[in-house]
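Every number here is computed from the coordinates shown, using simple stated rules; none is lab data. Everything quoted here is computed from the prediction, not taken from an experiment. Heads up, the Cβs are rebuilt from the backbone with ideal geometry, glycines too, and the neighbour counts pull from every protein chain shown.
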Amino acid sequence: MQASSMFFVVLAVLLAFGIAWFQYSKKAIPKKLARLLAGLRFFSVLGLLLLLINPQLEKNEFSIEKPMLTVLADNTESIAYLEGQNSLAQVFESLTQDADLQERFQLNSFVFGDKLGAPDSLSFDAQVSDISKALKTIQDTGGTGNEAIVLLTDGNQTLGADYSFLNFRPNITIYPVVIGDTTKVDDLSITNVNVNTYAFLKNKFPVEATVVYSGEERVQKEFTIRLDNTIVYKESLNFSAQDNTKTINTLIAASRVGVKNLQISIATLTQEKNTANNTRVAAIEVIDEKTKVSLVSDIKHPDLGLFIKSIEANEQRKVTVYKSGMADSQMEETDVFILYQPTNAFKSVFDHIKKSGAGCLIVTGTQTDWRFLSQIAPGVSKTPFNQYEEILPVKNNGFSSFDISAFSMEGFPPLNSVLGELSVEGKPDILAYQNIKGTTLESPLFFIKEDGAKKAYLLGENVWKWRVQTYRNTGSFESFDNFVDQLMLYLTDNQRKERLNVRYERLYGPEVTPVISAAFFDKSYRFVSDASVMISITDEKTATIRSFPMLLTGTNYTADIADLPAGNYSFIVTVENTNYSKKGSFKVLDFALEEQFTSANDEKLLQLAESTGGTLVYKDGVSELTNLLSTDSKYVPIQKTTKIKVSLIDFRWLLLFLVITLAVEWFVLKYNGLL
């Protein structure tokens, strides 16, 4: 209680005493009755005064905080392939149902494949395993106290970063439990295949494959590559215990247009246990044209390298850098222009764009001639001042020119631009707004504006930092490169916006999300959320047709095709009660990533345990692990005391006491005829 409150409380006691004494000390009533009435009046007045003063009192609340224990169970097909599903299920149940662990820990349990799932979904049917993602998710949601993670797995991972090299907080300890046979057997396997998504007709495309041998004896086996069942490459490989890894790099000719099947194989060993990993399949689409992108700039800047890298991540596109004085023949060959910080030297390029209707991306910055650009770019102008500013992007989820639902701008650093008053006429489709010094403005930073041709404007330089931040956020450049790819696709299409857009992959393997998505827009190109969108998928081998509605997911309609068997399929997406439809085709690859392993990888799991101070446990040692967790002194519940301030008016008993004293005083006065 504060000193000022204490002063008023003392004053209230004195005042209550004075009022009670003054009222009953001089009345002609018996002394005992006077003292009783004075006491009742004293407490009544004191209670009222205390409620008016309402002093703050400190109250201690006690709580028990248990350390966190998370049990992670591998839910992938490799567990079943190594015949460890029964063992894992028994260990999982014994740990999650253990009474001592439940009393000592805040116990959580999950299963994982490519992502975390509820413990009741343990079915060993996940097609890929990402152990690193599961562990990072648990770490990101943890607290500051000591935490234990029990990892039930065979240690074989087919997706994500190498979990044995992850960095964990010092308060996290991981106890891997090895599931499956750890006996090493002689085996030949193709562990990695790198093939481009696209190849160009009459060109050669690279194929890289890694073959690993596990065994002691010297062996010689034939390595082959088949393109649509035709052998296009063959090599004899020699292996030994010391020389056990071979990487093959070769070039294959693309002679016909279409989706081509690749089968990469290594001959099997005598009595080899696992032959599924001797073959890998892939596919490549052979196309006969490239989109030519001209990057026009008179200055050197890291952004130029960004655009080249990001655009050419799609092999259908070729970027060539020119200065503003490019020849007419070079402009005629260009499909899309990127004009980087244009000045009046770019006039001939702008004239060609106006005449040809080619799409373009205009990027401005600190060296842009805004006087020239305001004159030559219809409806976009800026009055610059001699001062620079940093602008943060704020994504506009209402952007509709193309789908950006999978693109995040979270944590993106600011772009540099010239301070000035921006004016954009008409109704641009804004992709990102400006945020300057913490204030989000209505002015666009990134927007689309059509004036006979499709133009995109990005009003800031140092875009290369955005691509770097995407890698920091997701561990790859894919999200940013896909966004740039969609932007290029939009600018390449010189026709008007389509009301029905469909997105899908040509090839679906274990590492590709098996989803087809569609978006439908009204005449004003606003997304329609109540449309009835249907998809019909035809198996080209059996001619079987499956039709079902696509589900609304955010700003897309999606169809999950995870249950389709391997094969070639065609489909058509239609919007009921309209004339809009889109056709396409895709291939589902026949390849099981999780069946590529012959034994559990206890070596990596041991490395993971040692890096976090944990212990590697085999399935027969689970009882010892339970005892260790139940008795380890660093995993003990902690009693926490929280001091909170409570107002006196919150004590209901004080109000009750006040009512009682007033009622008793009135009753005594009435009974003795003093009222």
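For the pair residue 374 and residue 528, the difference between a 0.36 nm per residue extended length and the Cα-Cα distance amounts to 51.9 nm. Arranged from fewest to most other beta-carbon atoms within 10 Å of their beta carbon, 408, 236 become 236, 408.
Shape class for region 138-255, computed from the alpha carbon gyration tensor (a ≥ b ≥ c): oblate, with a/c not under 1.5 and a/b at or below b/c. A simple rule links phi to the HN-Hα coupling: the Karplus curve 6.51 cos²θ - 1.76 cosθ + 1.60 with θ = phi - 60°, which for region 274-284 gives 10, 9, 5, 8, 7, 9, 10, 10, 8, 8, 9 Hz, with x for Gly and Pro. Expressed to the nearest 5 percent, the antiparallel share of DSSP beta bridges inside region 1-139 is 20 percent. For region 78-145, applying the loop criterion from DSSP together with a ceiling of 12 other beta carbons within 10 Å to the GluC sites (Glu not before Pro) yields 83. Where the centroid of each part is defined by its Cα atoms, how far is region 236-294 from region 539-555 in Å? Spelled out, the Cα-based centre of one part sits 31 Å from the other. Couplings 3J(HN,Hα) for region 41-58, derived from phi with the Karplus relation 6.51 cos²θ - 1.76 cosθ + 1.60 (θ = phi - 60°), are 5, 4, 5, 5, 5, 4, x, 5, 5, 5, 5, 5, 5, 6, x, 8, 10, 8 Hz, where x marks Gly and Pro.
Along the axis of the charge dipole computed for region 292-492 (Cβ charges of +1 for Lys and Arg, -1 for Asp and Glu, origin at the Cα centre), the listed residues 404, 433, 302 are led at the positive end by 302.
Of interest is the spacing of the C-alpha centroids, which for region 610-673 and region 114-178 amounts to 34 Å. Semi-axes of the equivalent ellipsoid of region 1-92 are 73, 16, 8 Å, computed as sqrt(5λ) over the eigenvalues of the C-alpha gyration tensor in descending order.
Bridges between two residues of the chain, per DSSP, are antiparallel at a rate of about 70%.
Of all DSSP bridge pairs formed entirely within region 500-593, close to 95 percent run antiparallel. When only Cα pairs below 8 angstrom with a gap of at least 6 residues are kept, region 187-287 shows a relative contact order of 37 percent. Around the amide H of residue 612, modelled in the peptide plane, lie the amide H atoms of 174, all under 5 Å away and 5 or more residues distant in sequence or on another chain.
When the alpha carbon gyration tensor of region 292-492 is reduced to an equivalent ellipsoid, the three semi-axes, largest first, read 23, 21, 16 Å.
Bridgeable lysines around residue 670 (alpha carbons under 20 Å apart, same-chain partners fewer than 8 residues away excluded): 26, 27, 31, 32.
For volume of the Cα convex hull per residue in Å³, the value computed from the atomic coordinates appears in the list (1) 249; (2) 287; (3) 231 under label (2). In region 542-675, Cα pairs under 8 Å separated by at least six residues give a relative contact order of 10 percent.
Only Cα pairs under 8 Å and 6+ residues apart enter the sum, and on that basis the relative contact order of the chain stands at 16 percent. Peptides 139-149, 224-234 ranked from most to least packed, by the mean per-residue count of other Cβ atoms within 10 Å: 139-149, 224-234.
Note on 484, 286: ascending count of other Cβ atoms within 10 Å places them as 286, 484, the fewest first. The residues neighbouring residue 324, those whose beta-carbon lies less than 10 Å from its own, together hold a net charge of +1 under the Lys/Arg +1, Asp/Glu -1 convention. Placing unit charges on the Cβ atoms only, positive for Lys and Arg and negative for Asp and Glu, gives region 292-492 a dipole magnitude near 220 debye about its Cα centre. Exposure proxy ranking for 658, 295, based on other Cβ atoms within 10 angstrom of each Cβ and starting from the fewest, stands as 658, 295.
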